[in-house]
Structures are given as structure tokens and as C-alpha cells.
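Every read-out reported here was derived from the displayed coordinates using simple, explicitly stated rules and does not represent laboratory data. All of these numbers come straight from a predicted model, not from anything done at the bench. So basically every Cβ, Gly included, is an ideal-geometry build from the backbone, and we count neighbours across all protein chains shown.
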Amino acid sequence: MPHALITGVTGQDGAYLARLLLGKGYRVFGLLRRSASADVVGERLRWLGIEGRVEMLDADLSDLASILRAIEAAQPDEIYNLGAQSFVKTSWTQPILTGQVTGLGAVNMLEATRLVAPRARFYQASSSEMYGLIQRPVQDEATPFYPRSPYAAAKLYAHWMTVNYRESFGLHASSGILFNHESPLRGIEFVTRKITDGVARIRLGLAEALPLGNLDATRDWGHAADYVEAMWLMLQQEQPGDYVVATGRTTSVREFCRLAFAHAGLDWERHVRVDPAFLRPAEVDVLRGDATRARRVLGWAPRTSLEEMVAEMVEADLRRHRERADRPSRGPGPPP
């Protein structure tokens, strides 16, 4: 039975990846940072029905000693570093924390792997935000980076340190440059979940309007459940490498709104309001990925269409709000 260790296991990607690996017969360990209430920290794992099957180990990405202990305990064959301060807007108000967790945290994971489990295969969650002010209309592995936020800069440092550890110490270390990927498990602070949650609230009469920022920002959106499969495939290759994971289709926030509201039988223009408070100090206007290498080498391709994903997210948020209305005093429900 292969062992896998996942940082960020209670997040969207970590939960889907844990489910995938468990389905393949892995023993799955997750790093748990003890900073959240225990009754809500595993909500995404509960949502997927796997909470009791992931073995939790106490550790923090900013504490090398705790990571060393966790790796020694897990004896992993594969390590997936998905943990980060991943909300772009927060990175401007907490740039030092973002650098410590998202950037240096990845180096702590790499160093601990080198010292304790040098034969383990390592995955680093890189981000399309690293392209920032895009240098080419479509971005692939050879496109120059131009980060436009503290989050993107921290991710870029982690990305290049992964390359450095691969080339300097011979680690089987790969990076997935994942473009935006969403699901019903996406955090409510991210614009896609904010939209689908807002649609559900308005449809059920719990709200009248949905305030948003830049409606013209354009992203390449896929489904997280598809993207975690690409992570696993990277670590099954004989040689490590870096891969763009994307759909190749771009959609604006405005169009995402239209699709989500239309699924609920609503006109988005009657409810969406632009609020300057949600605008970024430096915007990334458009991102579009070229996943040719992932298709050719990994045999990977996205399976879920944007329309299917939006419908799934709206339905999940409608279900959440209906369940909350039905059980006001029964404790926490599905993830917020």
C-alpha cells in the first residue's frame, strides 16, 4: 500500500486529491495546522465522505521541525504540497505571512523531504497567477512569469525552489502550474463560490444583490476534481517536470455570473453590483493556459465543462442554504 502525505488536505484540492488517492488504494496522511475549530476543519472531507479515512498529523508549514516529524511518521512515497495562504486579495494585507507560508513553507517541505524522505516523489502546487501581466496571449511552461501580487510572487519563489531542489539534489520534484479550478468545495471568499452562493441566496429570498469587483477579469476555469488527477499523474512519471494544467478556454467573471444566475432562472444584471472595495491593487486581466504537454506526456485532459461545473456549484449552494434553514440548531453542516 503506497503512502501519500498531503499538506492543505482540508482545502478544496486536498480533499479531492485525498479521495482520489484513497480510491487508488493509498494510505493517506494529511498535515493539520491546529488553528481552526475542530468541528469545522474537516468539513470538505466530510462532504466527500472520507473524513475518517485520512490520518491527520499535526504540523505547520512554517515549522520545519514539525514537518520533519510528520514525514518520519507518514513514511510517504508521495508528498503533495498544496498548503498555502491562497487568497490573492489577502496577500496584499498580509504579504509577510503569505511569503512565510506560501513561499518559505514550500522550501521547508522540500528541505524536510530531502533530509527524511529523499526517494519520495514531491508535488508543488504552482499557480497561473505567476504569469500575472501576461507576456504571451496563451501561457505554457516556457512563458515568462510576471507576478502581480504578493501571493503570485510567493508562489513563484516556491516554484523555482522546487526546480532548484530537483536540479541540485536529484529530488523527483514536479510542479503543476494549475490555472483556476473550482468546485462546490471552493472557499466562499473566492469569486466563483461568492457568485454561486449569491445566486442561491437570491433565489431563496435571502438576499437581493451580489456585490463584486472587476467583472471583466477573464480566467481559464476548470474543475478541481479533474485537476487533482493531473497532480497524481505527474508523480507517476519516470522523470519529474513542470506542467501547465488548464482547459484552454477563457471566460469572464461577467459570463460566469450570467451562467450561474441563468441556471437558477435569474437575470444577473438585476442583482450584480460592482463594488470598488473588491478591486485588486494590481489586476491580472486575463489568463489562458496551454496544457499541450500535460495531454501529450501525462495523457490528461479535463472532463468537466464550465457549464457543468457552474450548475454543480449552484445546486450545491442551493442545497446548503435549504439544509441550514431546515436545521437551525443542529450544528455545522457542509462547508461554508
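Summary table below
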quantity	calculated
Two-site FRET efficiency, S62 against Q239, from Cβ-Cβ distance with R₀ of 25 Å, rounded to 0.05	0.20
Extension gain, A142 back to E111 (0.36 nm per residue minus Cα-Cα distance, nm)	8.5 nm
Those residues of region 161-204 whose amide nitrogen sits under 16 Å from the label point placed on T90, 7 Å along Cα→Cβ	186-194
For region 238-247, Karplus couplings with θ = phi - 60° (6.51, -1.76, 1.60), whole Hz, Gly/Pro x	5, 10, x, x, 10, 9, 7, 10, 7, 9
Net dipole in debye of the chain [+1 Lys, Arg Cβ; -1 Asp, Glu Cβ; about Cα centre; nearest 20]	320 debye
Estimated inter-spin distance, E167 and K24, nm [label 7 Å along Cα→Cβ]	2.8 nm
Amide H within-cut-off set for V272, under 5 Å, with H built and near neighbours excluded	L210
Span from the region 170-191 Cα centroid across to the region 40-95 one, whole angstrom	14 Å
Straight-distance crosslink candidates among aspartates and glutamates, where the alpha carbon sits under 16 Å from K89 and sequence neighbours closer than 8 are dropped	E129, E189, D275, E283, D285
Top positive-direction residue, dipole computed over the chain with Cβ charges, set V191, L206, Q239	L206
Calculated FRET value between S305 and R280, using beta carbons and R₀ = 22 Å, to 0.05	0.20
Dipole magnitude (debye, nearest 20) for region 203-319, charges at Cβ of Lys, Arg, Asp, Glu	120 debye
Three-way shape call for region 1-129 based on the alpha-carbon gyration tensor, with the a/c threshold at 1.5	oblate
Interchain or long-range residues, amide H under 5 Å from F122's placed H	I79, H172, A173, S174
Share, in percent, of DSSP beta bridges within the chain that are antiparallel, nearest 5	5 percent
Karplus-derived HN-Hα couplings along region 89-104 (A = 6.51, B = -1.76, C = 1.60, θ = phi - 60°), whole Hz, x at Gly and Pro	4, 5, 5, 6, 8, 10, x, 5, 4, 4, x, 5, 7, 6, x, 5
L61, L318, L5 arranged by Cβ crowding within 10 Å, fewest neighbours leading	L318, L61, L5
Ranking of E315, E78 by count of other Cβ atoms within 10 Å, fewest first	E315, E78
Fewest-first ranking of R324, R121, using other Cβ atoms within 10 Å as the exposure measure	R324, R121
